[in-house]
Amino acid sequence: MKEILKIVKLNKRYHTVNGEIEAVKDFSFNVDDSSFIAIVGPSGCGKSTILSILCGIEKKSGGKILFNKKDAVIGYMLQNDTLLPWLSVLDNALLGLKINGNLNKETKERTISLIKTYGLGDFINSYPSSLSGGMRQRVALIRTLAINPDILLLDEAFSSLDYQTRLEVSNDVYEIIKKEKKTTIMVTHDIGEAISMADTVIVLSKRPAKIKNVYKIKFNDNTTPSDKRTHEQFNTYYKMIWEDLDINV
Amino acid sequence: MSEEHKVYLKKIKKKNRLVLITQIIVFILFIVLWEIASHYNLINTFLTSSPSNVVKTIISLYKEGNLFKHIFITAYETIISFFIGTLIGLIIASLMWWNNFTARVISPYLTILNSLPKVALGPILIIWVGANMNSIIVMALLISVIITIINAYHGFSNTDESRIKLLKSFKASKWQIFTNLVIPGNIKTIFNILKINISMSLIGVIMGELLVSKEGLGYLIMYGSQVFNLNLVMTGIILLCCLSIIIYYIIVMTEKKFIKYY
């Protein structure tokens, strides 16, 4: 499979008056096209930092990030649903296009059809306050997809949802991502979420984050994330990753 | 709609109406008691005036052609200083948000200026700006501008971090973050500032008028007290109440029109 992103010996240090903190150390990884990678690790280990650096919000202290093309577009979906309450669903979904200057008739039509395809057609002019948590998360994903990213970054994107909604949204998002054939890197602290959605799980050590283990996740049949949770293999993976994390606590 | 829900809605409506009726009764009772007490000489109308005297004063002011002149002068000064004060305040707060260095340099001076009673600057203003309407406007402006800067900067700098991060992930420029996030995200703060500023400007205008003016409601009150005409003083105060309520409600109505997403 084609490689779309190469991360080589990524390093990140934070500086404060009280000293410096090493957040990420020698993180190297290659990302294949259309793959779904999950990064798990103990909380505060610096896994979100990796995503922030990938999308250019934070500067790296060292190492290389090589995309296979110039000006790769990166879609970043954040922890909390960050829909702006003063914009309608449509305007929220168009926000990224508006800001990066790619809003035109064609991209607008495409976004509207995304909204309709993913079941929010009736709410296109509603404000976020009238949507459920799961629907808001779907709008946030559509907003991220609207800019037609080469890579999708999900940063604990479902952690603000209650368990039930979270499973539903995982199914939703998984289906959308597979349908749109997006390469995805997801950061999560939820082992189950990582196993049920990703095809590769990277386990990080505690800070400074280093790769501790990489698992290729394979299920006998390709079903929805919530179905995968009922498979026997799920428990096997869960146990292995759990033990990886446990040692570091 | 179920019967139970209808009963529930009716109950709420009834309660709201009861509050309104009670409010009106309290007002009327106050006026009536004031009038009765002055009519039967239970209070000294020379000191307290009375509702009927206030009405008479308003009518005679109207006949002299002075009533609306005084109201308009005060309203004009208030609105001018309100707009200039709010505008300057918001601009300075924006600059502070834009440049953290500026914010850190200005901060201690703001604290000093905020705790300083601006009325103490009155005499200086009269000397610098002159004993005219300009010094009244400057006085009112000084009072509103500092509080605007402090409140607006507080709101701006508390803009949700994750939303800023989101916009940055779309490669937003600082200006885009400002126009797409900071300003619309603080629209409630801004309207609260407007509400505060209206009363701040009125306070400033009245203080200024007490010091220097020859017209306006503040002048009416000052002149009335100097010639011991309490009818005039009370009239001035009541007209002032009406003016501030009207301006306040104009802002509330604008806010309701503006903010639709709640």
Count - residues of region A:210-239 that are out of contact with any strand residue (DSSP E or B) (no Cβ under 7 Å at 6 or more places or on another chain) and assigned to a helix (DSSP H, G or I): 11
Selection count, region A:201-233, where residues are more than 24 Å from A:VAL24 (Cα to Cα) and surrounded by fewer than 19 Cβ atoms within 10 Å (Cβ to Cβ): 14
For B:GLY130: the one exception among (1) under 20 Å from the mean Cα position of the chain (by Cα); (2) more than 12 Å from B:ILE88 (Cβ to Cβ): (1)
Scan of region A:20-73 for residues that are modelled with pLDDT of 85 or more, more than 10 Å from chain B (Cβ to nearest Cβ), part of a loop (DSSP other than H, G, I, E, B) and touching a Pro at 6+ places or on another chain (Cβ under 8 Å), ordered by number: none
Only listed residue being touching a helix residue (DSSP H, G or I) at 6+ places or on another chain (Cβ under 6 Å) and either over 16 Å from A:LEU152 (Cβ atoms) or without any contact (Cβ under 8 Å) to a residue 60 or more places away in the chain (or both), chosen from A:LYS25, A:LYS60: A:LYS60
Test: residue in region A:116-137 that is surrounded by fewer than 23 Cβ atoms within 10 Å (Cβ to Cβ), away from chain B (no Cβ under 14 Å) and among the charged types (D, E, K, R): yes
Selection status of B:ALA152, in contact with a helix residue (DSSP H, G or I) (Cβ under 7 Å, 6 or more places away or on another chain), away from every other protein chain (no Cβ under 14 Å) and either closer than 30 Å to A:LEU78 by Cβ or not in a helix (DSSP H, G or I) (or both): yes
Residues within region A:74-105 that are among the acidic types (Asp, Glu) and either more than 10 Å from chain B (Cβ to nearest Cβ) or part of a helix (DSSP H, G or I) (or both), tallied: 1
Any hit, region B:153-169, residues being charged (D, E, K, R), surrounded by 15 or more Cβ atoms within 10 Å (Cβ to Cβ) and within 17 Å of the chain's Cα centre (by Cα): no
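Mind listing whichever residues of region B:165-178 are facing chain A (nearest Cβ under 10 Å) and free of Cβ contacts under 8 Å to residues at least 12 places away in the same chain?
Scanning region B:165-178 gives B:LYS165, B:LEU166, B:LYS168, B:SER169, B:PHE170, B:LYS171, B:ALA172, B:SER173, B:GLN176.
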Total residues in region B:193-233, condition more than 19 Å from the chain's Cα centre (by Cα) and not aliphatic (A, V, I, L, M): 10
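Step by step: first the residues of region A:112-158, then only those that are of a type in the set (S, T, N, Q) and in contact with a Phe, Trp or Tyr (Cβ under 9 Å, 6 or more places away or on another chain), then the one that is modelled with the lowest pLDDT. Which residue is that?
Checking each candidate, the answer is A:GLN137.
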Per-region count, region A:70-95, residues within 24 Å of A:LYS12 (Cβ to Cβ) and either out of contact with any Cys (no Cβ under 9 Å at 6 or more places or on another chain) or among the small types (Gly, Ala, Ser) (or both): 10
Number of the condition not met by A:GLN164 [criteria: (1) modelled with pLDDT of 85 or more; (2) more than 15 Å from A:ALA93 (Cα to Cα)]: (1)
Inter-residue pairs, beta-carbon under 9 Å, first in contact (Cβ under 8 Å) with a residue 40 or more places away in the chain and not assigned by TED's automatic domain parsing to the domain that holds B:PRO184 and in region B:150-164, second hydrophobic (A, V, I, L, M, F, W, C) and crowded, with 19+ Cβ neighbours inside 10 Å, 6+ apart: none
Some residue of region A:154-169 being within 19 Å of A:GLY44 (Cβ to Cβ) and of a type in the set (A, V, I, L, M): yes
Qualifying positions in region B:115-133 - among the polar types (S, T, N, Q) and either modelled with pLDDT of 90 or more or in contact with a Cys (Cβ under 6 Å, 6 or more places away or on another chain) (or both): B:SER115
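Which ranges mark the helices (runs of 4 or more DSSP H) fully within region A:111-209 that have 3 or more residues being without any contact (Cβ under 8 Å) to a residue 12 or more places away in the chain?
A:163-180
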Any hit, region B:186-200, residues being within 14 Å of chain A (Cβ to nearest Cβ), closer than 30 Å to A:LYS59 by Cα and hydroxyl-bearing (Ser, Thr, Tyr): no
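The values are calculated or read from the model by the stated rules, or taken from the named source; none is laboratory data. Predicted model only: the values in this text are computed from it and were never measured. Please note: Cβ atoms are built from the backbone with ideal geometry, for glycine as well, and neighbour counts cover all protein chains shown.
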